[in-house]
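Visitor: Dropping a structure here in structure tokens format, bear with me for questions.
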Amino acid sequence: MEASVLSVFIGVYLRLKIACSDFFSILQMVKHLPNLLTFARLALAPYLFLLLWRREYRPVLALFLIVAITDALDGWIARTFDAASRLGAYLDPVADKILLSGIFLMLALSGAIEVWLAVLVLGRDLLILLAALWLYLVKTLRSFPPSPWGKASTFAQIAFVVAVVTHLAGFVSVQVALPFEWATVAFTVWSGVDYARRAVSLAQQGHRQTK
């Protein structure tokens, strides 16, 4: 009798151990999901750019939806399951910037938007990248977070390219994209000025700290 009870307890213990092991294995897999979804967005980028070059705008809209879902999903998983990582903190904004900059470039090259607008957007991003690199290398500043104006600029740019592609796909009038175009211009210029001001301020702080 005692032997049978003991065997039951051992069996239950082993099942619980296996279940716990499986649970923790799943948790480990979940922790990698945000980065995998970010890599998936990056993998879609060349195909998305090719479709824009070929002016196949309806499939582009479908890819926009996939990109938006994966972007929202990786953020939700990272917050909900405490799956944020240092790699993800760097990789996610880089992936978003590559996608958005590439979309502006391809739309300009295909004649869908004005070249000067793409130059404005890409030029501001290049200046921010150079400023952040200079602060990192020369002033040893490790953090250059986006400002509220930078986030507003990104939102305006996303709204603009979605409106443009939706128009090019034949779903809405070109008039729908015009307010987003001027919002993109305004926020891009102002956020660029704001980033320049912050870069100068951070450089001065770093200079004072080294004295």
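The values are calculated or read from the model by the stated rules, or taken from the named source; none is laboratory data. Note that the structure is a prediction, hence the values are computed from the model and not measured. When we count neighbours, we look across all protein chains shown, and the Cβ atoms used for this are built from the backbone with ideal geometry, even at glycine.
Visitor: Could you tell me whether residue 184 is farther than 19 Å from residue 64 by Cα, polar (S, T, N, Q) and assigned to a helix (DSSP H, G or I)?
Guide: In short, no.
Visitor: Suppose the filter is under 13 Å from the mean Cα position of the chain (by Cα) and either surrounded by 14 or more Cβ atoms within 10 Å (Cβ to Cβ) or in contact (Cβ under 8 Å) with a residue 12 or more places away in the chain (or both); does residue 98 pass it? Reasoning before the result, please.
Guide: Numbers: under 13 Å from the mean Cα position of the chain (by Cα): yes; either surrounded by 14 or more Cβ atoms within 10 Å (Cβ to Cβ) or in contact (Cβ under 8 Å) with a residue 12 or more places away in the chain (or both): yes.
Yes.
Visitor: Looking only at segment 38-76, which residues are of a type in the set (D, E, K, R) and closer than 18 Å to residue 110 by Cα?
Guide: 54, 55, 56, 58
Visitor: To continue, here is another question. Considering segment 33-88 alone, what residues qualify as being closer than 18 Å to residue 161 by Cβ and without any contact (Cβ under 8 Å) to a residue 12 or more places away in the chain?
Guide: Residues satisfying the conditions are 46, 50, 54, 56, 59, 62, 65, 68, 69, 72.
Visitor: Looking only at residues in segment 13-57 that are aromatic (Phe, Trp, Tyr) and over 21 Å from the mean Cα position of the chain (by Cα), which one is modelled with the lowest pLDDT?
Guide: Here the answer is 23.
Visitor: Grab the helices (runs of 4 or more DSSP H) fully contained in segment 63-174, keeping just those with 1 or more residues being over 29 Å from residue 51 (Cβ atoms) and touching a Pro at 6+ places or on another chain (Cβ under 7 Å). Spell out the reasoning first.
Guide: Details: elements: 86-109, 115-137, 148-168.
Result: empty, no element qualifies.
Visitor: Also, I was wondering about something else. Can you find a residue in segment 156-170 that is exposed (fewer than 14 other Cβ atoms within 10 Å of the Cβ), out of contact with any Gly (no Cβ under 8 Å at 6 or more places or on another chain) and not aromatic (Phe, Trp, Tyr)?
Guide: Yes, segment 156-170 has at least one match.
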